[in-house]
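The values are calculated or read from the model by the stated rules, or taken from the named source; none is laboratory data. On a predicted model such as this, the values are computed, not experimentally measured, just so you know. All Cβ positions, even for glycine, are placed from backbone atoms using ideal geometry, and neighbour counts span all protein chains on display.
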Amino acid sequence: MFGVVPKSLWSRRVAVNDRNLMTCGTNSVLVEGGGKRVLIETGIGNKLGPKLKAIYENQERLLDDLRAGGIAPESIDVVINSHLHFDHCGWNTMLKDSKVVPTFPSARYYAPRGEWEHGKKQLERDRISYISDNYDPLISSGQMELVEGAKEIVPGIRVEPMPGHTRTMQAIIIENRGTTACYISDLMPTSAHLDVTWVVAYDLFPLETIANKKKYYERALPGEWLTLFTHDPEVPWARIGRSEKGKYEVVETS
């Protein structure tokens with residue numbers, strides 16, 4: 001999760017267990033407005049085999065968490081994926097009676113076209129990240145729209161390419177009454193990754209990650225944007241500022 005950053009540095013911010021594993025969230029965001037329910041990201045899902053379940057220890061909680069908030073899967077109108085790695089789109093579909101079916105049957109799904117095209121190649125570097133059952137059935141049925149470039153999905157919610165982690169990963173930007181929030185996805189997966197050079201080892205284009213984090217800060221800090229972290233288990237969102245020494249830091253989490 002921290003690439004070339006030495007453990008002596010990142011371990012000051014993140015604890016690991018005796019297997020050298022850290023806890024990660026797979027945070028989804030539900031946005032309600034304009035008569036629509038929009039779900040951003042869907043986590044790992046329930047389709048992993050025994051080997052991968054043992055590795056990732058995913059808890060398959062998304063549907064339970066939604067129901068705890070009074071949200072039925074059938075009531076979701078829109079699902080947006082930042083990219084198509086399995087930990088971001090796994091609940092797009094689910095196993096039901098040994099068949100892959102849409103988890104959100106009434107929803108229109110959106111994902112970057114370049115992600116689907118890259119995932120089809122099944123390259124050695126990252127083929128483990130792409131599980132076609134998470135998206136191919138939706139594309140075949142016409143339920144998923146593949147997006148190219150920036151696009152307004154519904155009023156107040158748009159996607160913008162933010163490459164680095166992958167070539168066509170997109171951020172999801174939410175605007176309401178002068179306030180802006182951004183689901184930055186794996187460009188900045190946790191609040192421990194605020195430093196522009198702290199990038200994950202599996203970024204395909206780490207120099208672009210660094211460049212785009214800088215560009216993001218140029219917009220987000222003056223606008224006091226709320227940054228939403230996809231993999232932080234304790235800080236799902238925060239406003240970011242700079243310390244007296246010029247370091248990026250969390251200044252507000254409410």
message = I need a count of the residues in the range 209-254 that are in contact with a helix residue (DSSP H, G or I) (Cβ under 9 Å, 6 or more places away or on another chain), among the basic types (K, R) and under 13 Å from D195 (Cα atoms).
response = 2
message = Kindly evaluate T209 against the criterion of being touching a Cys at 6+ places or on another chain (Cβ under 9 Å) and within 20 Å of K247 (Cα to Cα).
response = no
request  = Identify all residues within the range 14-56 that are within 18 Å of the chain's Cα centre (by Cα) and of a type in the set (D, E); write none if there are none.
outcome  = E41
message = The conditions are (1) out of contact with any strand residue (DSSP E or B) (no Cβ under 9 Å at 6 or more places or on another chain); (2) of a type in the set (A, V, I, L, M); (3) at pLDDT 95 or above, and V78 fails exactly one of them. Which is it?
response = (1)
task = Take the range 163-185 and flag every residue that is of a type outside the set (G, A, S) and surrounded by fewer than 24 Cβ atoms within 10 Å (Cβ to Cβ).
result = P163, R167, T168, I173, I174, E175, N176, R177, T179, T180, C182
request  = Give the residues of the range 187-223 that are touching a strand residue (DSSP E or B) at 6+ places or on another chain (Cβ under 6 Å) and either crowded, with 16+ Cβ neighbours inside 10 Å or assigned to a loop (DSSP other than H, G, I, E, B) (or both), sorted by residue number.
outcome  = S191, L194
task = Check the range 55-67 and report whether any residue there is under 22 Å from D133 (Cα atoms), surrounded by 11 or more Cβ atoms within 10 Å (Cβ to Cβ), touching a helix residue (DSSP H, G or I) at 6+ places or on another chain (Cβ under 6 Å) and among the polar types (S, T, N, Q).
result = no
remark   = Residue count, the range 88-117, condition assigned to a helix (DSSP H, G or I) and surrounded by 21 or more Cβ atoms within 10 Å (Cβ to Cβ), comes to 7
ask   = So which of L21, L9 is surrounded by fewer than 18 Cβ atoms within 10 Å (Cβ to Cβ), outside any helix (DSSP H, G or I) and not charged (D, E, K, R)?
value = L21
query = Which residue pairs have Cβ atoms closer than 9 Å, lie 6 or more positions apart in sequence or on different chains, and pair a first residue in the range 53-79 that is in contact (Cβ under 8 Å) with a residue 40 or more places away in the chain and farther than 14 Å from T26 by Cβ with a second residue that is acidic (D, E) and assigned to a helix (DSSP H, G or I)?
reply = I71/D65
